[in-house]
């Protein structure tokens, strides 16, 4: 569930004096013609283009610019954690090159993996695609325990024990 109780502040929205690409002549007042990086605000038949400045993107739920962490894909990275166990999950919308954290059914954070790695949900680390089962990686063999999908499991278990 997205944070409902936090006040919304659109300080970073820029109002351009340029003509909008949406003809607002016969449109009701409100937001029209939006994309991830901005929208047209129609008021009294006149259109004003509004840019969302990073880290803000357009949030269709509130019809204004908002922090990308509060906005679902394709514009943002917010993920629905309701019904998910606490843990880290591969972001399939970004081809597993990032992961997100869920705690108590709430989305907490979104983190990128290092270049050329993908998130391995079973081991809870970013890893090379050849060591990660599909859909995130390309590994299709058996691990040391004869189970499908996890390469180098002994190596990662030793790392986890070292760090514990």
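Here are the numbers for the structure shown:
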quantity	calculated
Using a Förster distance of 22 Å, the FRET efficiency for residue 114-residue 134 (Cβ separation, nearest 0.05)	0.60
Extension gain, residue 82 back to residue 106 (0.36 nm per residue minus Cα-Cα distance, nm)	8.0 nm
Over region 77-141 - Rg/Rh using Cα atoms and the Kirkwood inverse-distance radius	0.98
Estimated distance in nm for a label pair at residue 25 and residue 61, the labels positioned 7 Å out from Cα along Cα-to-Cβ	3.7
Where the Cα pairs of region 23-103 fall when distances are cut into 5 Å bins, in %	3, 15, 20, 17, 15, 11, 7, 6, 5, 1
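All of the numbers you see were taken from the coordinates with simple rules; none came from a lab. Worth saying up front: this structure is predicted, and the values here are computed from it rather than measured. Positions of Cβ are generated from backbone atoms using ideal geometry, with glycine treated the same way; all protein chains shown enter the neighbour counts.
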